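Worksheet: the structure to be examined is printed underneath.
The values are calculated or read from the model by the stated rules, or taken from the named source; none is laboratory data. What you see is a predicted model; the values in this text were computed from it and never measured. When we count neighbours, we look across all protein chains shown, and the Cβ atoms used for this are built from the backbone with ideal geometry, even at glycine.
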Amino acid sequence: MLGGFKVTLKDRIFDERNLLDSCKSIAKAMQRATHAVPYRSKKYFHDIQRLNHKPQEVSALVVLQFRESPKVQFRRFVRAIPKKPGGKPERPISLFSIEARVLLRATLNVLWPIIEPIIVPSIAFCTFRKQGLHSPRGVVMATTELRDARRNSEVYVFETDIEGFFDKIDRKKLLAILLDLVPDNSVDELLETILNTETDLDHQTMSEIAFDVESGVPQGSALSPLLACAYLSPFDISIQSKGWKMIRYVDDIVVICDDLSSCEEAGHVISEEAAKFNLTLKISKTRVVSPTESIEYLGHTLHSDGRLLPSPRRMKAFANGIYQRAGTLPKETDTRVASELSSYIHGFFASLSHCDFEDWHYKHAARTVRKALTSRGLSPNRLDQMILRSRKWHPSFAGELK
């Protein structure tokens, strides 16, 4: 109660402090993304400036558009991007206005601590928020837990992922689950509006892609993990009750079993349970892995001897990132080039510090940097600048650059 009035969930979502915190979070996320993808539009950087320097203005617009407007509309723009650099656009992504992104983050801030203890069992590894009953569990913990299970004993693993998960979510069923979880009805209309977002298609990139605007929920928004966990919570609980050791990261699933027959049974049950939620397993990603085989999971390769390394695809993407950055920097100063490349490479190895890197990985990274610079006609002395800028380089990396 505040001044004799009950503070509702909707009040908390549109609270100025929550909106300002959400502006800060979105700005940080966008700034991190500029390191991951070097090519960004002027509007993208303008939006970061607005969030950093005019958060009160952005927050006021959020309230105006999504609380005070007589008819609240939530819109997204869907365009397709290539799955691989230089490839054909084939992966639809949803883009939201800055105000919509702030609202999604603000909604997550309020709802996650309330419903997370209910919707996230121990087998779900897509928790990342500090608020809530469970400590953050993500890709690192999921992959290391799988590694530990294979190191400690000879186990069979059933692996699969859900075909087009976010696009196949039943909105009505998800809304019913959410409304049953939240403790008051002040956000009912807001949640329904978010789930039934209006969609504008980029006809230039989406002309050859089948996309149902009436089903599914957007992937990649701040609210996506909460929506995924809520929708799959009954599925998780059902599988967990069978006594199997399952690890689920959003739609990527592995089940650890003692023998082949148990693995096959797990696969059959998971397929049946998924069907209850209008979901199917992706045939090309579904298999039983023996103790002598390697597993590709969440951008990692887990070898039969227990070594955990980045997958070949991830290493290739890392190399492409080096070339992309070198390509954007030919007119920059030596210090700027060294700084950009150093940040990217440090970030890559830091994010994978749980992996069992060997000397050749660092040497390979250094050789890739050298080739990328020389292929762009950049001065070799920038390599010396990279070494001077940091004492954190692995000896094999620094040695290969010299």
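Couple of notes before you dig in:
- The set of residues in region 243-268 being surrounded by fewer than 15 Cβ atoms within 10 Å (Cβ to Cβ) and more than 20 Å from Ala142 (Cα to Cα) consists of Asp259, Leu260, Ser261, Glu264, His268.
- Any chance Glu99 is acidic (Asp, Glu), over 24 Å from Arg314 (Cβ atoms), outside the structural domain of Gln324 (by TED's automatic domain parsing) and surrounded by 12 or more Cβ atoms within 10 Å (Cβ to Cβ): yes
- Number of the condition not met by Val120 [criteria: (1) at pLDDT 85 or above; (2) touching a strand residue (DSSP E or B) at 6+ places or on another chain (Cβ under 6 Å)]: (1)
- Filtered by the rule that a residue be exposed (fewer than 14 other Cβ atoms within 10 Å of the Cβ) and under 22 Å from Ser97 (Cα atoms), region 174-210 gives Glu189, Glu198, Asp200, His203, Gln204.
- Out of Leu227, Leu302, one residue alone is at pLDDT 90 or above, crowded, with 17+ Cβ neighbours inside 10 Å and not assigned by TED's automatic domain parsing to the domain that holds Arg147. It is Leu302.
- Number of the exception - Gln219 against (1) in a loop (DSSP other than H, G, I, E, B); (2) out of contact with any Lys or Arg (no Cβ under 9 Å at 6 or more places or on another chain); (3) crowded, with 20+ Cβ neighbours inside 10 Å: (3)
- Hits in region 280-319 (condition: under 19 Å from Glu154 (Cβ atoms) and free of Cβ contacts under 8 Å to residues at least 24 places away in the same chain): Thr292, Glu293, Ser294, Thr301, His303, Asp305
- Ser238 meets the stated requirement of being in contact with an Asp or Glu (Cβ under 7 Å, 6 or more places away or on another chain) and surrounded by fewer than 19 Cβ atoms within 10 Å (Cβ to Cβ).
- Taken over region 184-199, residues that are within 20 Å of Val213 (Cβ to Cβ) and among the acidic types (Asp, Glu) amount to 2.
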